[in-house]
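Here's the structure, in structure tokens; my notes come after.
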Amino acid sequence: MSRQFKIALAIELFLLMCLWTFGFMVWKLVCDDTAAACFSEDNIWNELGFLVLSIVRPFFFSPLMQTAYIGGSSFGVWAGTLLTALGAALSALAVYYPGHIIGKKIVRPWLSANLPSTWRLIRTQDYKIIFFTRWIPFFPFDLVSLIYGIADFHARRVLLFTFLGCLPEVFFFSSLGGPLSPEIVVRGIKNLAIFGSVTILPLLVYEYFHRKRGSSLWTSMKRVYYELLYEARVNNEIVKTNQYSADKIPIVLLYGFGSTRKTLRSMEAVLTKRGFEVMSFNLGGSLGVFFTRGIKDTAEFIDRKIQRQMRRYGFKKVHVVAHSKGGLVALWWLLRLGGSEYCEKIVTLGTPFRGSWLVWLVLVTPISFFWKDVWQMRPGSSFLRDLHKSRPVPGLKIYNLYSNRDTIAKGDSGIFVHAGDVTSIPMHHVTHYGFLGRRDVANVICRILRTDKDGLRGRRKRDEGGPHSHHADSDEENDDEQIDSQQDVV
């Protein structure tokens, strides 16, 4: 058992013990000794008090089944079912909105860039996903509510279909609120089967007619499946037909955590149009394509890949342009694995050199059992300390593009504090994923990579850049004043 697994297991067990203990203490405080005595008096304030507790239930980590049992004990099966289901729907919104804030600038841009079919499924078929994940009670209720917000499900659909979908589960546990006996359990199971059939029948009929029009959930799920399959098998394969000139310095593009090579398409197209030769590698990870491999392991991998390409095509140097986690990989390769022998310039885009606070949200989930890189990117990690202690390499120029609008590496977190030759360039109008698709970012990168050893701006001859070289130079000239002013500020 690895050290990472032991630490993650200890964290998960400790959190579960704390959550269960806290939830038990709250209900013990409210209900005293017996659940049936919680709201036994016949007045409206008891119903309102129960509804309020149902809404805030996720924040003291009480399971929905426990609330349904208390509702059935206090108000009877039918009233308890309706009150608990209404409280569950409102509590789902209470958890939904924090997730909505978290996902607005992080998860949704990632989904739209990496998995557009999955994003379209969420936007058009979310109510079906909500209903089925509520109707089948094996999904963690409050965690799923948080995911709805992060993935930008429609709030009104979350409210309505949570209410409808959780009715069978709530009805079953409400019916157990009386004295427990075999007859009550059997009757509860029968009622559950009837109740579940009645609630799902309208949605099945609705799905049937949509399927005839080709817009059913099943059709959308198949599109998502084929998109993932395409990502894994086709889209991230290295194009073997690329040829690189021995007398040019190609650019190696590296993408960030959880992303794929698809996110580099815009940058690769712009740089190629400007006359650069560009290469990128599938860095591996989840499903073989979503980049979650350890940073040190990936640095060794790109070292082997780059040297293999150098032997194949005869070029002696490379430039590196790296986004987010890719910048950490590249600098470890340059400063700790001797990669500076083959590279004199690196440009990082939104790289979290001080770690990212979002990593803490991942470390308290089961993901921390499997992904080494999230431990390496946490603030104050031993990896980041070792990286910053690396000895400077003469001749290596490091350029950091950073932004205050970057939610992953906000502000100065995107600057590598090091004794080497480091230049920081603020681009405060750019978001984290915006670094990969904006023309002005590409212009800054082109300026950096064409600067000669004396610090003067190099100009290509028109016959060097191919048929697009004239237009490329014109595009860059339009942004001269902006880029010069950015570098003057630094």
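If the condition is being touching a strand residue (DSSP E or B) at 6+ places or on another chain (Cβ under 6 Å) and under 19 Å from Gly258 (Cβ atoms), then the stretch 388-435 contributes Gly414, Phe435. Among the residues of the stretch 288-315, those that are at pLDDT 90 or above and in contact with a helix residue (DSSP H, G or I) (Cβ under 7 Å, 6 or more places away or on another chain) comprise Ile295, Lys296, Thr298, Ala299, Ile302, Asp303.
Among the residues of the stretch 431-454, just one is touching a residue at least 60 places away in the same chain (Cβ under 8 Å) and among the charged types (D, E, K, R), namely Arg439. Helices (runs of 4 or more DSSP H) fully within the stretch 75-176 that include at least 3 residues being more than 28 Å from Tyr433 (Cα to Cα) and among the hydroxyl-bearing types (Ser, Thr, Tyr): 77-104.
Exactly one residue out of Ser390, Ser381, Ser424, Ser413 is surrounded by fewer than 22 Cβ atoms within 10 Å (Cβ to Cβ) and modelled with pLDDT under 90: that is Ser381. If you go through the stretch 302-331 and pick out every residue that is in a helix (DSSP H, G or I) and either over 26 Å from His432 (Cα atoms) or out of contact with any Ser or Thr (no Cβ under 8 Å at 6 or more places or on another chain) (or both), you end up with 12. Looking at the stretch 75-85, which of its residues are modelled with pLDDT of 85 or more and crowded, with 22+ Cβ neighbours inside 10 Å? Those that are modelled with pLDDT of 85 or more and crowded, with 22+ Cβ neighbours inside 10 Å: Gly80, Thr81, Leu83, Thr84, Ala85. Each residue in the stretch 389-430 was checked for being in a loop (DSSP other than H, G, I, E, B), over 19 Å from Gly355 (Cβ atoms) and in contact (Cβ under 8 Å) with a residue 24 or more places away in the chain, and 11 of them qualify.
Look at the stretch 270-292: where a residue is aliphatic (A, V, I, L, M) and surrounded by fewer than 19 Cβ atoms within 10 Å (Cβ to Cβ) and a partner is at pLDDT below 80 and not in a strand (DSSP E or B), sitting 6+ places away or on another chain with Cβ atoms under 6 Å, you get Leu287/Ala232.
Can you tell me which residue in the stretch 41-74 is modelled with the lowest pLDDT, limited to those that are out of contact with any helix residue (DSSP H, G or I) (no Cβ under 6 Å at 6 or more places or on another chain) and not in a helix (DSSP H, G or I)? By that ranking, first place goes to Asn43.
Residues that are β-branched (Val, Ile, Thr) and surrounded by 17 or more Cβ atoms within 10 Å (Cβ to Cβ) do occur in the stretch 48-58.
The residues of the stretch 61-100 that are on the phi > 0 side of the Ramachandran plot and under 36 Å from the mean Cα position of the chain (by Cα) amount to a single one, Phe61. Here Val320 fulfils each of the conditions (1) at pLDDT 90 or above; (2) in contact with a Cys (Cβ under 7 Å, 6 or more places away or on another chain); (3) more than 16 Å from Leu387 (Cβ to Cβ) apart from (3).
The values are calculated or read from the model by the stated rules, or taken from the named source; none is laboratory data. The structure displayed is predicted, hence computed values, not measured ones. Cβ: placed from backbone, ideal geometry, glycine included. Neighbour counts: every protein chain shown.
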